[in-house]
Amino acid sequence: MSSSTPPTHDPKWRRLPEERPRQILEAAIAVFGEHGIAAAKLEEIAARAGVSKGTIYLYFPSKEDLFREVIRQVLVPRIAQVEHELTGGTAIEQIERYLRVHWHYFDRPEAASWLRLVLFELHKFPDLEQFYYDEVIALSNRVLGDVLRRGVASGELRQLDPAASVSLIKAVLLMHVIWMSSPAAKASARAPQHTIDGIVDFVLHALRPDAPAGVAAPVLP
């Protein structure tokens with residue numbers, strides 16, 4: 001038997017056919033994050049998923065199609081989950097939940113690598129970049145922008161430009177994830193819970209209306 005032939009006793013090779021696409025997608029998001037789109041190899045994705053390279057082609061005709069399905073089936077559902085989490089409560093409460101739910105997803109080993117891919121490599125693939133914007137960024141911007149608009153209309157938030165504020169809030173969150181993954185930051189990194197507490201405090205303080213002259217600002221919990 002060839003050394004490249006997978007051992008039949010490996011349980012990964014006995015998965016039901018309907019389980020394979022999801023396993024491939026989970027392996028793909030890790031490999032894309034680690035190596036980028038151009039350098040990602042289908043052979044490595046197949047090995048991590050416990051399938052043959054040929055099996056990947058049964059479900060995904062190309063590496064680009066696989067990347068699109070990672071977006072559709074992994075990232076877009078996460079945004080839908082965030083939107084579900086924002087149901088009910090005040091604008092301030094919804095923004096805090098938005099930040100904490102996103103931090104939960106970003107507090108994973110592959111998160112910083114995936115963000116670097118999006119920020120620094122995706123532009124080399126214009127079709128994929130546009131697809132990512134349409135399926136992920138535009139949807140995520142709408143979810144947070146709607147909360148900001150409701151908060152401004154109710155007077156709970158100060159007058160602000162929702163589109164600009166969405167970009168600033170996401171920049172604080174996303175770039176912090178990348179910074180905290182750097183060797184310099186890791187040497188003095190705080191616990192993840194303390195980090196997100198600080199981000200929440202900073203963002204909410206920036207969004208609340210200014211206290212009238214002579215009136216003390218509320219103490220944050």
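The values are calculated or read from the model by the stated rules, or taken from the named source; none is laboratory data. For clarity, every value in this text was computed on a predicted model and none was experimentally measured. All Cβ positions, glycine included, derive from the backbone under ideal geometry; neighbour counts span all protein chains shown. The protein model used for the area step is the full one, side chains on, heavy atoms only, and it has no ligands, DNA or RNA in it. Shrake-Rupley method; radii C 1.70, N 1.55, O 1.52, S 1.80 Å.
Listed here are the residues, each with its yes/no results for (1) among the aliphatic types (A, V, I, L, M); (2) modelled with pLDDT of 85 or more; (3) over 19 Å from Glu96 (Cα atoms).
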position	(1), (2), (3)
Arg142	no, yes, no
Arg150	no, yes, no
Leu157	yes, yes, no
Ile169	yes, yes, no
His176	no, no, no
Ser182	no, no, yes
Val200	yes, yes, no
Ala211	yes, no, yes
Val215	yes, no, yes
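Pick from the range 49-66 the residues that are of a type in the set (A, V, I, L, M) and surrounded by 17 or more Cβ atoms within 10 Å (Cβ to Cβ): which of them is farthest from Lys124 (Cα to Cα)?
Val51
Looking at (1) open to solvent by less than 60 Å² (accessible area, probe 1.4 Å); (2) over 19 Å from Ala28 (Cα atoms); (3) free of Cβ contacts under 8 Å to residues at least 40 places away in the same chain, which is the only condition Gln94 fails?
Condition not satisfied by Gln94: (3).
Name the residue that is modelled with the lowest pLDDT, counting only residues in the range 11-48 that are among the acidic types (Asp, Glu) and farther than 19 Å from His123 by Cα.
Checking each candidate, the answer is Glu18.
Test Leu86 against the stated conditions and say whether it is out of contact with any Lys or Arg (no Cβ under 7 Å at 6 or more places or on another chain) and either in contact (Cβ under 8 Å) with a residue 60 or more places away in the chain or charged (D, E, K, R) (or both).
no
Tell me which residues, restricted to the range 112-158, are open to solvent by 80 Å² or more (accessible area, probe 1.4 Å), free of Cβ contacts under 8 Å to residues at least 24 places away in the same chain and within 24 Å of Pro209 (Cα to Cα).
Result: Arg142, Arg149, Ala153.
Determine whether Asp107 is out of contact with any helix residue (DSSP H, G or I) (no Cβ under 7 Å at 6 or more places or on another chain), open to solvent by 80 Å² or more (accessible area, probe 1.4 Å) and acidic (Asp, Glu).
Working: out of contact with any helix residue (DSSP H, G or I) (no Cβ under 7 Å at 6 or more places or on another chain): no; open to solvent by 80 Å² or more (accessible area, probe 1.4 Å): yes; acidic (Asp, Glu): yes.
Judged against the criteria, Asp107 is not a match.
Those residues that are among the polar types (S, T, N, Q), more than 30 Å from Glu96 (Cβ to Cβ) and in a helix (DSSP H, G or I), I need them from the range 44-78; list them, please.
Answer for the range 44-78, where residues must be among the polar types (S, T, N, Q), more than 30 Å from Glu96 (Cβ to Cβ) and in a helix (DSSP H, G or I): just Thr55.
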